Each structure stands twice: as structure tokens, then as C-alpha cells.
Amino acid sequence: MENKELVIADLLRTRKAKKFSLWLGLIGMFMMFAALSSGFIVYTASGVDKGIKTILPHAFIYSTVAIILSSVTIHFAFQAAKTGNLVRQKSLLIFTLALGLVFFVLQLKAWGILTERGIYFINNNASQSFIYIFTGLHLAHIIAGIIVLLRCYIGAVKPIAHDYNVFRMDLGAIFWHFLDLLWIYIYVFLLLNQ
């Protein structure tokens, strides 16, 4: 009995450490985007010729809708995991993955629209380059999020312990919601500075 209690205590300690590590990573990501925002503000304040000097593509609006909907579906997938409804969890994870991929494609479409307007990553106006930096770094995190969601899906497909499935979904949902909030911050920041 004492050995079982030690195993449970060790498992709980490991899970707390993983969740703490996730939160540290999220804080680090937030700080990176805050630093980029500061750099953008300092650069654009350095002259009247600086600034985005274009209207953001509508694809960013559609991608915002897609990622908000994906936050809703991951929330309900997590709720399904907690109740042990694996069928619902799997279907909602598939919707979340699909919406994540739609977000990704719409971001690439927005880049295409920007290049059609003559706005490239490398140009004389670094403010326009910041659009690519913000969205590109966020897309890199979306790729990581899609990998996390795939792991959550695998956890629902193969028979793993219920509490481990719920823990995996909890971490995945926290990460995905953070990406959603981060995108909203980036989009609003860019909107306010266009």
C-alpha cells in the first residue's frame, strides 16, 4: 500500500512539473511577443515614413474566426474527455485540428495578398516586415499546437488511462487557448497600428 502511495505521489509531482513547465513556456512566448511589440512601437515612432501603411488582408479576420471556433471545440473536447466520452472527444479534436489547419492556410493566403500588394518580408519599411514576423512566429506555434492536438487525438484513440487522457487534454487545451489569445492580441495590435 505504501509503495502505491509513493507511485501516486510521484505521478502527481511529475504532472505538476509538466504543467508548471507549460506555464513557463507560455510566459516566455508572451514575453517574446511583448518584446516584438515594443520593437515595433519604437521603430514606427522613429519617423512619419514608418508604419504598416496598408490595410490588413481580410484573410486575417477569417483566420481569427477559425481560431476562436477552434478554442470552443477544444474546450468541449476537454469536457468530453473529463466525462469519458471518447467518441465525442475524438470528433471534437478532429474539428479543432481542421480549424487549426484552416487558420494556417488563411494565414498563408494573407501573406499572398500582402506580396501581391508589394509588401515583402525584406523591404525598406521594417514595420511591414513585422507583419510577417508576428504572424510567422505565431504560425510556428500553431504547428506545435497541431502536434499537441494530434497527441491528444492519439490519446483518445489508443487505450490510455482516463486520468492520463484528461491530463493530456488539459495541457493541450491550455496551450491551444493561449495560442488563440495570442493571435487575438497580435491581430488587434496590428489593426491598431495599420
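Whenever a residue of segment 140-152 is in contact (Cβ under 8 Å) with a residue 12 or more places away in the chain and of a type in the set (A, V, I, L, M, F, W, C), its partners that are open to solvent by 40 Å² or more (accessible area, probe 1.4 Å) and in a helix (DSSP H, G or I), lying with C-beta atoms within less than 7 angstrom and at least six residues away or across chains, give the pairs Ile142/Phe104.
Could we say that Leu69 is open to solvent by 80 Å² or more (accessible area, probe 1.4 Å) and either free of Cβ contacts under 8 Å to residues at least 60 places away in the same chain or of a type in the set (Asp, Glu) (or both) here?
yes
All but one of (1) open to solvent by 60 Å² or more (accessible area, probe 1.4 Å); (2) closer than 25 Å to Val166 by Cβ hold for Ala98; which doesn't? Every condition holds for Ala98 apart from (1). Does at least one position in segment 53-61 carry a residue that is closer than 25 Å to Gly145 by Cα, in a helix (DSSP H, G or I), open to solvent by less than 20 Å² (accessible area, probe 1.4 Å) and touching a His at 6+ places or on another chain (Cβ under 8 Å)? No, there is no match, as no residue in segment 53-61 is closer than 25 Å to Gly145 by Cα, in a helix (DSSP H, G or I), open to solvent by less than 20 Å² (accessible area, probe 1.4 Å) and touching a His at 6+ places or on another chain (Cβ under 8 Å). Every test in (1) among the hydroxyl-bearing types (Ser, Thr, Tyr); (2) over 23 Å from the mean Cα position of the chain (by Cα); (3) assigned to a helix (DSSP H, G or I) is passed by Tyr120 save one, and that test is (3).
When the residues of segment 104-136 are narrowed to those that are within 12 Å of Leu190 (Cβ to Cβ) and open to solvent by less than 20 Å² (accessible area, probe 1.4 Å), which ends up modelled with the lowest pLDDT? Among those that are within 12 Å of Leu190 (Cβ to Cβ) and open to solvent by less than 20 Å² (accessible area, probe 1.4 Å), it is Ser127. Working only within segment 15-31, note down all residues that are open to solvent by 60 Å² or more (accessible area, probe 1.4 Å) and over 14 Å from the mean Cα position of the chain (by Cα). Across segment 15-31, the qualifying residues are Lys16, Lys18, Lys19, Phe20, Ser21, Leu24, Met31. With the structure loaded, tell me whether Asp170 is within 24 Å of Phe60 (Cα to Cα), touching a residue at least 60 places away in the same chain (Cβ under 8 Å), among the charged types (D, E, K, R) and assigned to a helix (DSSP H, G or I) or whether it fails that test. No: the conditions fail for Asp170. The numbered conditions (1) open to solvent by less than 40 Å² (accessible area, probe 1.4 Å); (2) in contact with a Ser or Thr (Cβ under 9 Å, 6 or more places away or on another chain) are all true for Tyr43 except (1).
Take segment 123-158 and flag every residue that is within 18 Å of Leu92 (Cα to Cα) and not in a helix (DSSP H, G or I). I'd like the intermediate steps shown before the answer.
Pass one, segment 123-158, residues within 18 Å of Leu92 (Cα to Cα): 142, 145-158.
Once the filter is applied, which keeps residues that are within 18 Å of Leu92 (Cα to Cα) and not in a helix (DSSP H, G or I), segment 123-158 yields only Lys158.
Within segment 96-122, the set of residues being of a type outside the set (Val, Ile, Thr) and in contact with a Cys (Cβ under 9 Å, 6 or more places away or on another chain) is empty. The one condition from (1) open to solvent by 20 Å² or more (accessible area, probe 1.4 Å); (2) under 24 Å from Leu56 (Cβ atoms); (3) among the charged types (D, E, K, R); (4) at pLDDT 95 or above that Arg88 does not meet is (2). Given the criteria outside any helix (DSSP H, G or I) and either within 30 Å of Phe130 (Cβ to Cβ) or of a type in the set (D, E, K, R) (or both), does Asp49 qualify? So Asp49 passes the test.
The values are calculated or read from the model by the stated rules, or taken from the named source; none is laboratory data. Keep in mind that this is a model prediction, so the values were computed, not measured. Reconstructed Cβ throughout: ideal geometry from the backbone, glycine too, with neighbour counts over all protein chains shown. Note: accessible area is taken over every heavy atom of the protein model, side chains too, but ligands, DNA and RNA are not part of it. Shrake-Rupley method; radii C 1.70, N 1.55, O 1.52, S 1.80 Å.
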